[in-house]
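The values are calculated or read from the model by the stated rules, or taken from the named source; none is laboratory data. Fair warning: this is a prediction, and the values are worked out from it, not measured in the lab. Glycine gets a Cβ as well: all are built from the backbone with ideal geometry, and neighbour counts include every protein chain shown.
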Amino acid sequence: MKKITLLLLLISTITFSQKKRSTLIGQVSSEEVKMKVYEKDSTANAVVLYEHANVYLDEKHDLDYRTDYYHKIKLIRKESFDRATVKVLLANKERIVGVKALSYTLNEGGSIKKTYVSGKNIFKKKLNEYWTEVTFTIPNIKEGSVIEYVYSIVSPYSSIDDWYFQSEIPKVKSDFTAAILGNYEYNVAIVGFLTLDRNTAKEKKGCVYIAGIGDGACSLLTYGMDDIPAFKEEDYMLSKENFISKITFELSSITNTDSTVKRFTKKWEDADKTLRLRLLDGQVSKKNFFKKQLPETILNENSDLDKAKKIFKFIQNHFNWNSKYFSSKKINLRQSFAEKTGSVGVINLALYNSLQAAGIKSYPVVLSTRANGIPPDLFPVVSIFNYVIVKAEIGAKTYFLDATDKYLGFGQVDFQCLNGKVRVLDFDKGSYWEDLKANQISSRNTRLNLTLNSENAFVGTMRATSMGYRASNKREEVDTRSEEQYLEKIETQNPYLEIGKYTIVDENKLDKPLKENFEVEFFDDSAENGFQRINPFFDNRISENPFKLKERNYPVDFGVPFSYSYLLKLSVPSNYQVVKIPENLDVKLPNNGGILMVKTQEKDGQVNIFMRYVLNKREYNSSEYQKLKEFFNKIIEVQNSYIEIKPIN
């Protein structure tokens, strides 16, 4: 007991010193309240003037970890008023203490009014058995107000929360400080494209004395950034967690007073065992059960590829996905098979066991989806994985399979799975990483034949062929709408188009391209004196450039290469002449990134237009962003062009 008392007294000295590093309330100046715009980002509706988190052991709360938070935010426009409502999420056994908050508002006479949050307006709500939410709203705000608040979270857990330097609004200054006992070792990772302005890790020797062992050291950490731009999300990006500037901590090990070391960061071999037990719930040895469920006709197939395809189709049709990746309940494949429903984990583990039952060489594969973040490869983090697929090796070929989606063909996985590397779980020879790529390019090809009839309408036929993810997405769209709803949507998007007869080919043959046939009629209600014009680029039309940022630090990720081709043949009556057609164009992206080609020809009453664009790569880095942005502007320019014809007098 005497040793413990001595340790407590010494740590009290350390924590008292570290506590002084926390920022106290009352740091708002009159200049900050009077400020009308943030000069470094005039579009910002709010700006963080300063924020600080300080981590240390709290002697007043049984030496639990304590994090003191400070925030000072300028509310420039009313769109930012929701920031005056602060929500703090507490894990089980965590406590919030020391909540203080107020607003600074400029009165008409030029004086500053301070309005505080009272204790009775701080609310706690139990969300579930694991989480509690604390909420308070800072009163008396208007455009130009500054809000300031502090609170502390006391936690029995040794984990340290991520600190985000960047957010959707700009920040003037952001700091994170911590005092960590030397026997605690953390893996620290700096994420994002911004550089730290403050980055120090000092060792303070003799900050702890342990009887019988001697002096111990502490790590005093300081990380900070200034003039931080807002993080702006844009189309075709992976999870922002991969790119937003932040600092992350993962407890690696604790050295006990007897010099024994408890390690938390394990090798991948240890993580694979955890995955088998936790993520796969031990349900990887049920092949005998599924061998009894598979029809004999499937098991008797001579070709392994045919056998695998029929097993895939059997599981795909048997189960209905319940829209969950993993169930919070214990997996029971037998029960789920009887109920014919389940999560991604249930369905694809059923597929894996069925392939095993048929003697097909296969492995469970775990991954993190595009919206969830890229798994770190420096050290194993089991919790990042949220999806299971199956790898099958048949002959010399490898197939990645996902039976959860009724519209995916053999060898396709859900688009959300295309997130780089996946972890293949080989329980005999050892697991390994492998790149997951789409098994084919996604494409759409459109062929349009039109004639100007005697009623001054352009009539004809169109055939559209879709492959890859374009085909699976189109199959789902067609299947989940009535034909009338599907065609009405197309006509609504194209006011000068009417669709007559419509047929679809190979709708249910998932391994084949999807073909659609349309009878179409275009008309121009603004035509005068027989003058006609038509914009025929209604299919796969890009109406708005998805890339709007002046600069983009993170990659553009399409997930899969894509191509689109369009061919128009327009017959013009002999009593008409062609006045205008789209211009020829040939644009190439650098590094063999893609092409945009337009070729036009008008001869003997026949107008031919061929357009094709190809994006050859799944990912384009930030240095290629401007060219890609211009590339899409050119596509839009082409698709906004017209064919114009007029009668011959």
(request) Could you tell me which of the residues 550, 501 is surrounded by fewer than 16 Cβ atoms within 10 Å (Cβ to Cβ), part of a loop (DSSP other than H, G, I, E, B) and not small (Gly, Ala, Ser)? (result) 550
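Tell me, which residue of region 22-78 that is of a type in the set (Ser, Thr, Tyr) and free of Cβ contacts under 8 Å to residues at least 12 places away in the same chain is surrounded by the fewest Cβ atoms within 10 Å (Cβ to Cβ)?
Going through the qualifying residues, I end up with 42.
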(message) Out of the residues in region 83-112 meeting the condition of being among the basic types (Lys, Arg) and surrounded by fewer than 13 Cβ atoms within 10 Å (Cβ to Cβ), tell me which one is nearest to residue 58 (Cα to Cα).
(response) 93
(message) Testing residue 465 on (1) closer than 18 Å to residue 642 by Cβ; (2) touching a Pro at 6+ places or on another chain (Cβ under 9 Å), one condition comes back false. Which one is that?
(response) (1)
(request) Could you tell me which of the residues 463, 481 is closer than 22 Å to residue 566 by Cα and basic (Lys, Arg)? (result) 463
(request) Scan region 100-121 for residues that are among the charged types (D, E, K, R) and within 16 Å of residue 32 (Cβ to Cβ) and report the count. (result) 2
(request) Say whether the condition of being in contact with a Pro (Cβ under 9 Å, 6 or more places away or on another chain), free of Cβ contacts under 8 Å to residues at least 24 places away in the same chain and part of a strand (DSSP E or B) is met by at least one residue in region 598-614. (result) yes
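Going by the conditions given, is residue 361 farther than 21 Å from residue 315 by Cα, of a type in the set (Lys, Arg) and either without any contact (Cβ under 8 Å) to a residue 24 or more places away in the chain or in contact with a strand residue (DSSP E or B) (Cβ under 6 Å, 6 or more places away or on another chain) (or both)?
It is false that residue 361 is farther than 21 Å from residue 315 by Cα, of a type in the set (Lys, Arg) and either without any contact (Cβ under 8 Å) to a residue 24 or more places away in the chain or in contact with a strand residue (DSSP E or B) (Cβ under 6 Å, 6 or more places away or on another chain) (or both).
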(request) Identify the residue in region 333-384 that is among the β-branched types (Val, Ile, Thr) and assigned to a strand (DSSP E or B) and, among all such residues, is surrounded by the most Cβ atoms within 10 Å (Cβ to Cβ). (result) 365
(request) Return the only residue of 120, 142, 113 being farther than 30 Å from residue 188 by Cα and free of Cβ contacts under 8 Å to residues at least 12 places away in the same chain. (result) 120
(request) Provide a single number: the residues in region 246-258 that are touching a residue at least 12 places away in the same chain (Cβ under 8 Å) and either more than 27 Å from the chain's Cα centre (by Cα) or closer than 26 Å to residue 545 by Cα (or both). (result) 6
(message) Looking at the structure I just gave you, is residue 330 surrounded by fewer than 16 Cβ atoms within 10 Å (Cβ to Cβ), among the basic types (Lys, Arg) and within 30 Å of residue 263 (Cβ to Cβ)?
(response) yes
(request) Scan region 117-139 for residues that are closer than 18 Å to residue 105 by Cα and modelled with pLDDT under 95 and jot them down. (result) 118
(message) For region 553-585, which positions are closer than 17 Å to residue 599 by Cα, among the polar types (S, T, N, Q) and assigned to a loop (DSSP other than H, G, I, E, B)?
(response) 584
(message) Just checking: which of the strands (runs of 3 or more DSSP E) contained wholly in region 19-92 hold 2 or more residues that are among the basic types (Lys, Arg)?
(response) 64-75
(message) Between 139, 156, which is assigned by TED's automatic domain parsing to the domain that holds residue 77, over 18 Å from residue 58 (Cβ atoms) and in contact with a strand residue (DSSP E or B) (Cβ under 7 Å, 6 or more places away or on another chain)?
(response) 139
(request) Please find, within region 578-615, the residue that is nearest to residue 454 (Cα to Cα) out of those that are loosely packed, with under 15 Cβ neighbours inside 10 Å and among the polar types (S, T, N, Q). (result) 606
(request) Any residue in region 502-526 that's within 15 Å of residue 488 (Cα to Cα): show its pairings with residues that are among the charged types (D, E, K, R) at Cβ separation under 6 Å, as long as the two are six or more apart or on different chains. (result) 519/501; 521/498
